[in-house]
Amino acid sequence: MSGIAPGFAGAPGLVLVTDGEFKHALGIVRALHDLGHEVHLVARSSRAPAAHSRAVRRTHYLPGPKDPAYPEALLACARALAPVSLVPVGDGAVHAADLLRARWPDGVRVALPPAASLALANDKAKTGELARSLGVRTPGERAVDSAAEAREAFAAFGGRAVFKSRFEAGRKILRYVRRADEVDAAYDYVRALSGAGPLVQEHVEGDGWAWFALYWNGRCVRRFIHRRVREWPPSGGTSAAAESVLAAPELERSGHALLDALAWHGVAMVECKRTPEGDFVLMEINAKFWGSHDLALAAGVNFPGDLVALLEGRAPSEPQSPYRQVRFSWPFGGDLWHGLAVPKHLPAVLRDALSPGVAHSLRWSDPVPALYEIVQWARSSPGAVREFRELS
């Protein structure tokens, strides 16, 4: 979906950003405000940290993305603000934008990949098939539809496997299985939460790496690489601390091959594991803004600013120059929970939380969202306790 919507001029225009509850929504609204945009936010409640940012002109409270009423509510909100650029942040918002792609009125601009490409990227089994056809390395994997098939797959992968949702579901639904007596429970867990039989993948040892990109009509406009330092949960989850990486040629080739083949349009994350031998193994494609997006902004790559510039018919700020090497820590976005769950990492977590040489989401010029991040962190304690029990 390209072109210029009626009402857009040369100056930065109005932007509607979704999912104010997410940690990276705060960085997105700040980045757009700093460029001169009038920023509106969608959130479920006033507990959303980004709703209290000085960068936000107005917050629109809508049902959550899992509510059947959400797509129509998002459509009505965007229509009332037109001309506006819509920036869907989470999976649910991207899914709603996809459902509405034929109904967006003139004046509402949103960047979505072709419908078939988005569907393939959100189907992990089909993503693996595409990757292998392009020579991109993937784990051994099987889509299973019964506990018996899951047990067979687990045995075939040598007694260590990852059970994950076959389709993107707005949250990471996965279980690491190390013993045969854990297979049935892992199968039931993923099936119950995702509504389908899981994808069973061979367990790959290594660190989490990712290649991020902004594409416009099939052409890569911006790209970025990071390495995860710590995750929450530590068994495999989202970035709790991460570092920018200036170059990783094999990872870049894989990312380009996949998104080029999909004629991508918009932002995406190509997530991999880097094995101890230095090989990159594809985990999945995330067809949305990623949770560690703050790191890219801190390193000097403004994905939301460039995306909205393109939506408004303007060129990105300038050709991409080398970005900076930066470490980013999210103490209340999972890093403190990681340190409590893995005590040997706690000193490093605290050093990163307090170090002026490590980037964080706290802005003294915009301090109130940090208070709501702390409240959100405290409210996540029941889930953290469950994770501690599973790790013990």
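The values are calculated or read from the model by the stated rules, or taken from the named source; none is laboratory data. Predicted model, so just to flag it, every value in this text is computed and none were measured. In this analysis, Cβ positions are derived from the backbone assuming ideal geometry, glycine residues included, and neighbour counts consider all displayed protein chains.
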Counted residues in segment 50-72 being in contact with a strand residue (DSSP E or B) (Cβ under 9 Å, 6 or more places away or on another chain) and either within 18 Å of Phe22 (Cβ to Cβ) or of a type in the set (Asp, Glu) (or both) come to 10
Among the residues of segment 139-146, are any modelled with pLDDT of 95 or more, closer than 26 Å to Met283 by Cβ and crowded, with 19+ Cβ neighbours inside 10 Å? no
Does Ala261 satisfy being in contact (Cβ under 8 Å) with a residue 24 or more places away in the chain, out of contact with any helix residue (DSSP H, G or I) (no Cβ under 6 Å at 6 or more places or on another chain) and closer than 26 Å to Pro369 by Cα? no
Among (1) touching a strand residue (DSSP E or B) at 6+ places or on another chain (Cβ under 7 Å); (2) surrounded by 21 or more Cβ atoms within 10 Å (Cβ to Cβ); (3) part of a helix (DSSP H, G or I) - the single one Arg79 does not satisfy: (2)
Could you run through segment 43-73 and say how many residues are assigned to a loop (DSSP other than H, G, I, E, B) and either in contact (Cβ under 8 Å) with a residue 12 or more places away in the chain or surrounded by 16 or more Cβ atoms within 10 Å (Cβ to Cβ) (or both)? 13
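Restricting attention to segment 268-297, and to residues there that are assigned to a strand (DSSP E or B) and touching a Lys or Arg at 6+ places or on another chain (Cβ under 7 Å), which single residue is surrounded by the fewest Cβ atoms within 10 Å (Cβ to Cβ)?
Looking at residues that are assigned to a strand (DSSP E or B) and touching a Lys or Arg at 6+ places or on another chain (Cβ under 7 Å), I get Val281.
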Restricting to segment 82-113, what's the tally of residues that are in a loop (DSSP other than H, G, I, E, B), surrounded by 15 or more Cβ atoms within 10 Å (Cβ to Cβ), more than 22 Å from the chain's Cα centre (by Cα) and of a type in the set (A, V, I, L, M, F, W, C)? 2
Some residue of segment 154-175 being assigned to a helix (DSSP H, G or I), free of Cβ contacts under 8 Å to residues at least 12 places away in the same chain and not charged (D, E, K, R): no
Filter segment 304-338 for residues that are out of contact with any helix residue (DSSP H, G or I) (no Cβ under 6 Å at 6 or more places or on another chain) and in a helix (DSSP H, G or I); which is surrounded by the most Cβ atoms within 10 Å (Cβ to Cβ)? Val308
Please note which strands (runs of 3 or more DSSP E) are completely contained in segment 179-244 and include at least 1 residues that are out of contact with any His (no Cβ under 9 Å at 6 or more places or on another chain) and not polar (S, T, N, Q). 199-202, 207-216, 219-232
Just one of the numbered conditions (1) surrounded by 23 or more Cβ atoms within 10 Å (Cβ to Cβ); (2) at pLDDT 95 or above; (3) farther than 22 Å from Val87 by Cα is not true of Trp232; which one? (2)
Quick check: is even one residue across segment 272-281 more than 20 Å from Gln201 (Cβ to Cβ) and of a type in the set (Phe, Trp, Tyr)? no
Near pairs, Cβ below 7 angstrom, 6+ apart or cross-chain, from segment 286-304 (in contact (Cβ under 8 Å) with a residue 60 or more places away in the chain) to any residue that is part of a loop (DSSP other than H, G, I, E, B) and β-branched (Val, Ile, Thr): Lys288/Val89; Phe289/Val89; Leu295/Val326; Ala298/Val326; Ala299/Val326
